[in-house]
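Have a look at the structure below, then the notes.
The values are calculated or read from the model by the stated rules, or taken from the named source; none is laboratory data. What you are looking at is a predicted structure, and each value in this text was computed from that prediction instead of being measured. For neighbour counting, all protein chains shown are included, and Cβ atoms are generated from backbone atoms with ideal geometry for every residue, glycine included. Heavy atoms of the whole protein, side chains included, go into the accessibility calculation; ligands, DNA and RNA do not. Shrake-Rupley method; radii C 1.70, N 1.55, O 1.52, S 1.80 Å.
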Amino acid sequence: MTQPYLVLSGIRKSFGAIEVLKGIDLEIGTGEFVCFLGPSGCGKTTLLRAIAGLDRQTSGRLWQAGREISTLPPSARDFGIVFQSYALFPNLTVFENIAYGLVNRRLAKAEIKARVDELARLVHLEPHIAKYPAQLSGGQQQRVALARALALSPGLLLLDEPLSALDAQVRGHLRAEIRSIQRRLGVTTIMVTHDQEEALTMADRIVLMNDGRIEQVGSPREVYGRPATPFTAAFIGQMNVLSGIWADGCARVGAETLVAAEVPDGLGDRADVTVCIRPEDIGLTANGAAGVAATIAGLEFCGSFLRLHAAAPSLREAPIVVDLAPERANGLALGPGMECRLHLPGDRLRLYPGTARP
Amino acid sequence: MTEIPMGTLGAIERPRRAVDVERLVHTLATVAGALILLVIIVLPLAAVFVKAFQARDGSFAGLANFTAYFGNPALFRSVWNSVWVAGLATVITVGLAFVFAYGLTRTRMRGKTLLQLVAISPLLTPSMLPAISLVYLFGNQGVIKDWLMGQSIYGPIGLVAGLVYYCFPHALMILVTALTLADQRLYEAAEALGTRPARIFRTVTLPGIRFGLIGAAAVTFTLAITDFGVAKVVGGRFNVLATDVYKQVVGQNNFSMGAVVGLVLLIPAILSFAVTRAAERRQRAALTARAVLFAPQPASFRDTVFLVACGLIAVVLAVMLGMSAYASLVKLWPYDLSLSLISYDFAEHDADGWSSVWNSLILGGGAAAVGTVLVFVVAYLVEKGQGPRGLREAIRVVALLPMAVPGLVLGIAYVFFFNQPANPLNGLVGGMAILIINTVAHFYTVAHLTAQTALKQIDGEFEAVSASLRVPQYKTMLRVTVPLCLPTLISIFGYMFANALTTASALIFLYGPDTKVASVAVIAMDDAGNVGPAAAMAMVIVYCAVAVRLITAGLNHLVAGRLQRWRQR
Ligand SMILES: Nc1ncnc2c1ncn2[C@@H]1O[C@H](COP(=O)(O)OP(=O)(O)OP(=O)(O)O)[C@@H](O)[C@H]1O
Ligand SMILES: [Mg+2]
């Protein structure tokens, strides 16, 4: 990373006796698009509001562009923000909403108009400039909020679940649009979401949060392919989570012995170990002696792939989930009750010390 | 993570602002708001408590005043008198209001709009007006005096009748709300099970509105027991608490005893306040978000029965208003019934003539202007401000207080508090300012709750957006919040204005030689035996109150048109 644009150090926040943020350290580079991802109530919004200064942190410090902002009121910081509700001023037109912050700058009328027109073009709202927010669709309102937040050319753009109120199609379209605008302007952006697909497709880096702490920071590829903790592993994408015992450099799960290519530090002999593998990483053959014996319990057609639930008594009670590409599945004549063999490649197994959730 | 992140830190760091100016301004404004409420509500009430424990000379008297009060059979009898009269008025009012509310909400009877208008008309009359009408109807020279079969209207009969008129719309509004908030699905379920109507009424309707009934009864009882106007005009020699306070404070200058009676009067008011708040909370919780609002089916027999019943009630209400209107236009009741405006020539009957009407309008306009601004700004600071949280909570609580304080008690509270020579605001006594302040305090709670509700409905992130765009919060308040709240502001203005015109209970203690208001003039002229002019003055109040309501309704209509423009697709 080059010079970090935003630095958070030891951010804690309590509401009364409840600690919602339990020490957050984070650096964000200039022009980065970062997603805060995590389950509901984990503190994403609280962290975003602390960065904005809307809910001051209980302890910890923040720097933005080399300036300490820890105690500054929001109006003295440099950010634009879009809320889930958009918070558009209903009695002002689209033009007036976008120009809201510009007017206060005592700019010349012509200058304001030029800037608003430019922003309206950016978010494709030129035809709607004279309308009131209530006369726009949800997606259009969202763009107004975005344009308003960008009007003062802030160094930092904060988005709190900006797409969650929209239907799937509009959402997909706006994802791409927000990302392209962000790239064009090069504005450092933090987006809060609890939609992992949104985070995976949009973010340069994902900050995965759980219960007031950062669980993992990394590119979408990293958090998906190399989850650092069982929580990340289970939260992002589908994951088979198996519990076993570490013995003689192997993980013993049920009656099977699994050999992983990569072994974490700190695994003692006879220690509990959690073994994770993605459904699409599991191989499946109809017969043969190698692999784990299993019976297909059910099939789901999921469009681009086929999802199987396979009972493998020697591994554990609950079915193992396996995703197969259609061309692989076609040659196998799969059906419920069919006997098969599962292959768990060692380079795809991820091991974590301790027992994951029961 | 490195402790100090960047080497360039010192170089680029801009000078940090020592204080957050906006937050400081908010804090100061919140403190100012709290101080104002302290002076106009809390301290005067505290003065009543202090006074009740003081002897006439101001020395500490312990419980002596209370023992003297409860030891005096004449005074103590008033407690019982007040309780049973108010109780009887409550039973009758709630019963009639229930029938009326049921007709309005649960039937398809015709003429609902007209009936509703007539039903709420008492809200625009001073409480002396029904009493004056009763005198014309049943008094010594009354039109239908015989209907009383020899009983006198002066006393409990007149009191109960006048109170029922005066309290009816208050009970009605609460019951209409309760009956409107019924869940249609419960009725459909009951009917699907083949339940008989009487049983549905007993098992679905009544339980559904029991909190509404409790609330209506509590409000009515408080209004009835603390009302001054009806008791003053038709109370006769039948003593009640409200007139006792007046006699002690104004008649005998016995402030301490007045304070004791005031405290006694505060008990039912505070109890009923607590009951109403609890009932409101339960009522709201009872209706889930997914409930379907009840829509009555036509049923000709039921609709006719309710039309007749509600029609009768409306006729009685209209007659009560009409009697004063008519009597005020008669030359010399009952000898010369020709029409004339002679009663409206107030200068002939009262030293202050028409000036008390102008005073009322100044008071109404002043209280409405001052009250609307104060209430809105304080409510804004509480709901959207950055002032200290504890202080904002405290203001919320204090703002609820006036609802539990009868006007009469607030009136003597002001006398006790502002009349002290040591009080720096002593100079206000006798002037218009103190009447305005008192009226604002008197009607503060409803106005505050109205403003609070409107502010809560506005997106809570506007202030955050405005800060991020570096627009000072006050500008966003003026440019966005106030326009969105305009209908609410107009309602508060109309509410304050109309109530300032009709109320007398607090003002009777506070007016000065140059500030007699119309409602006080009604009482004064009635006292002097000029019942015709008193009726005329009461009617002038009604006409003014109607005008205020029409004007504010018109304004609201204009504003609603503009709001519509923001909303239409
Ligand atoms: N003003 C507040 N007072 C008390 N508790 C709060 C307050 N704001 C948030 N919390 C609590 O802090 C925790 C984190 O809230 P936050 O809004 O940051 O969650 P989130 O990660 O944004 O969740 P979501 O995805 O549901 O928006 C929650 O348990 C919430 O109840
Ligand atoms: Mg959130």
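Out of A:47, A:21, A:6, which single residue is at pLDDT 95 or above and away from ligand 2 (no atom under 16 Å from the Cβ)?
On the way: A:47 fails: away from ligand 2 (no atom under 16 Å from the Cβ); A:21 fails: away from ligand 2 (no atom under 16 Å from the Cβ).
Exactly one residue qualifies, and that residue is A:6.
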| note | When segment A:5-25 is checked residue by residue, the ones that are at negative phi and open to solvent by 20 Å² or more (accessible area, probe 1.4 Å) are A:5, A:12, A:13, A:14, A:15, A:17, A:18, A:19, A:20, A:22, A:25
| remark: From the option list A:146, A:159, single residue qualifying as within 16 Å of ligand 1 (Cβ to nearest atom) and either closer than 16 Å to residue A:81 by Cα or at pLDDT 95 or above (or both) is A:159
| query | For residues in segment A:73-83 being more than 7 Å from chain B (Cβ to nearest Cβ) and open to solvent by less than 10 Å² (accessible area, probe 1.4 Å), which is modelled with the highest pLDDT? | reply | A:82
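Residues in segment B:468-487: is at least one over 30 Å from residue B:23 (Cβ atoms) and of a type in the set (A, V, I, L, M)?
Residues of segment B:468-487 over 30 Å from residue B:23 (Cβ atoms): B:487.
Of the ones still in play, those that are also of a type in the set (A, V, I, L, M) are none.
The answer is no, given that none of the residues of segment B:468-487 is over 30 Å from residue B:23 (Cβ atoms) and of a type in the set (A, V, I, L, M).
Yes/no per residue for (1) in contact (Cβ under 8 Å) with a residue 60 or more places away in the chain; (2) touching a Ser or Thr at 6+ places or on another chain (Cβ under 7 Å); (3) open to solvent by 30 Å² or more (accessible area, probe 1.4 Å); (4) away from ligand 2 (no atom under 16 Å from the Cβ):
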| site | (1), (2), (3), (4) |
| --- | --- |
| A:92 | no, no, no, yes |
| A:99 | no, no, no, yes |
| A:105 | no, no, yes, yes |
| A:114 | no, no, yes, yes |
| A:134 | no, no, yes, yes |
| A:137 | no, no, yes, yes |
| A:147 | no, no, no, yes |
| A:161 | yes, yes, no, no |
| A:165 | yes, no, yes, no |
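I'm checking my understanding of the structure. Among residues of segment B:14-39 that are at the interface with chain A (Cβ under 9 Å from one of its Cβ atoms) and open to solvent by 60 Å² or more (accessible area, probe 1.4 Å), which one is modelled with the highest pLDDT? Before you say what the answer is, go through the steps one by one.
Step one: filter segment B:14-39 for residues at the interface with chain A (Cβ under 9 Å from one of its Cβ atoms), giving B:14, B:16-17, B:20-23.
From the residues that got through so far, the ones that are open to solvent by 60 Å² or more (accessible area, probe 1.4 Å) too are B:14, B:16-17, B:21, B:23.
Details: B:14: 38, B:16: 46, B:17: 50, B:21: 85, B:23: 88.
The selected residue is B:23.
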| request: Report yes if some residue within segment A:67-85 is closer than 21 Å to residue A:165 by Cα, within 11 Å of ligand 1 (Cβ to nearest atom) and in contact with a Gly (Cβ under 6 Å, 6 or more places away or on another chain); otherwise report no. | output: no
| Given (1) modelled with pLDDT under 95; (2) away from chain B (no Cβ under 11 Å); (3) more than 11 Å from ligand 1 (Cβ to nearest atom); (4) over 22 Å from the mean Cα position of the chain (by Cα), where does residue A:95 come up short, assuming only one miss? | (1)
| said: So residue A:86 ticks every box in (1) within 16 Å of ligand 2 (Cβ to nearest atom); (2) facing another protein chain (nearest Cβ under 9 Å); (3) open to solvent by 20 Å² or more (accessible area, probe 1.4 Å) but one. Which box is left unticked? | reply: (3)
| request: Please verify whether segment B:279-291 includes one or more residues that are surrounded by fewer than 14 Cβ atoms within 10 Å (Cβ to Cβ) and modelled with pLDDT of 80 or more. | output: no
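Is it the case, given these coordinates, that residue A:275 is closer than 21 Å to residue A:227 by Cα and surrounded by fewer than 17 Cβ atoms within 10 Å (Cβ to Cβ)?
Values: closer than 21 Å to residue A:227 by Cα: yes; surrounded by fewer than 17 Cβ atoms within 10 Å (Cβ to Cβ): no.
Answer is no for this residue.
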| field | From A:193, A:229, A:257, A:188, residue being within 16 Å of ligand 1 (Cβ to nearest atom), among the polar types (S, T, N, Q), over 18 Å from residue A:280 (Cβ atoms) and touching a strand residue (DSSP E or B) at 6+ places or on another chain (Cβ under 7 Å) | value | A:193
| message | So for segment A:172-183 (the condition being touching a Leu at 6+ places or on another chain (Cβ under 7 Å) and within 16 Å of ligand 1 (Cβ to nearest atom)), does at least one residue qualify? | response | no
| said: I'm told residue B:454 meets every condition in (1) within 14 Å of chain A (Cβ to nearest Cβ); (2) part of a loop (DSSP other than H, G, I, E, B); (3) touching a residue at least 12 places away in the same chain (Cβ under 8 Å) except one. Can you identify the failing condition by its number? | reply: (2)
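Residue check: is residue A:234 open to solvent by 30 Å² or more (accessible area, probe 1.4 Å), away from ligand 2 (no atom under 16 Å from the Cβ), within 24 Å of residue A:25 (Cα to Cα) and in contact (Cβ under 8 Å) with a residue 12 or more places away in the chain? Write out each step before concluding.
On the way: open to solvent by 30 Å² or more (accessible area, probe 1.4 Å): yes; away from ligand 2 (no atom under 16 Å from the Cβ): yes; within 24 Å of residue A:25 (Cα to Cα): yes; in contact (Cβ under 8 Å) with a residue 12 or more places away in the chain: yes.
Here the answer is yes, as residue A:234 does meet what is asked.
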| task | Tell me which residues, restricted to segment B:334-369, are among the aromatic types (Phe, Trp, Tyr) and open to solvent by less than 70 Å² (accessible area, probe 1.4 Å). | result | B:344, B:346
| Can you tell me which of A:202, A:209 is closer than 30 Å to residue A:348 by Cβ and within 16 Å of ligand 2 (Cβ to nearest atom)? | A:209
| query | Given segment B:458-569, what helices (runs of 4 or more DSSP H) lie entirely inside it while holding 1 or more residues that are within 28 Å of the chain's Cα centre (by Cα) and within 14 Å of chain A (Cβ to nearest Cβ)? | reply | B:482-502, B:531-567
| In segment A:13-25, what residues are more than 10 Å from ligand 1 (Cβ to nearest atom) and either within 12 Å of another protein chain (Cβ to nearest Cβ) or part of a helix (DSSP H, G or I) (or both)? | A:23, A:24, A:25
| request: Name, by its number, the condition in (1) under 30 Å from residue A:237 (Cα atoms); (2) away from every other protein chain (no Cβ under 14 Å); (3) in contact with a helix residue (DSSP H, G or I) (Cβ under 9 Å, 6 or more places away or on another chain); (4) not in a helix (DSSP H, G or I) that does not hold for residue A:124. | output: (1)
| request: Identify the residue in segment A:26-65 that is without any contact (Cβ under 8 Å) to a residue 60 or more places away in the chain, open to solvent by less than 50 Å² (accessible area, probe 1.4 Å) and in a loop (DSSP other than H, G, I, E, B) and, among all such residues, is farthest from the other protein chains (Cβ to nearest Cβ). | output: A:57
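When residues of segment A:237-254 are filtered for being out of contact with any strand residue (DSSP E or B) (no Cβ under 8 Å at 6 or more places or on another chain) and open to solvent by 30 Å² or more (accessible area, probe 1.4 Å), how many remain? If you could, list the steps in order and put the result at the bottom.
Within segment A:237-254, the subset out of contact with any strand residue (DSSP E or B) (no Cβ under 8 Å at 6 or more places or on another chain) is A:237, A:247-249.
Those still in the list that are open to solvent by 30 Å² or more (accessible area, probe 1.4 Å) too: A:248-249.
The total comes to 2.
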| note | Of the residues in segment A:168-191, those that are within 16 Å of ligand 2 (Cβ to nearest atom) and within 14 Å of chain B (Cβ to nearest Cβ) come to A:190
| message | Show the residue pairs meeting these rules: Cβ distance below 7 Å; 6+ apart or different chains; first residue within segment A:193-209 and under 17 Å from residue A:239 (Cβ atoms) and in a loop (DSSP other than H, G, I, E, B); second residue more than 14 Å from ligand 2 (Cβ to nearest atom) and open to solvent by 40 Å² or more (accessible area, probe 1.4 Å). | response | none
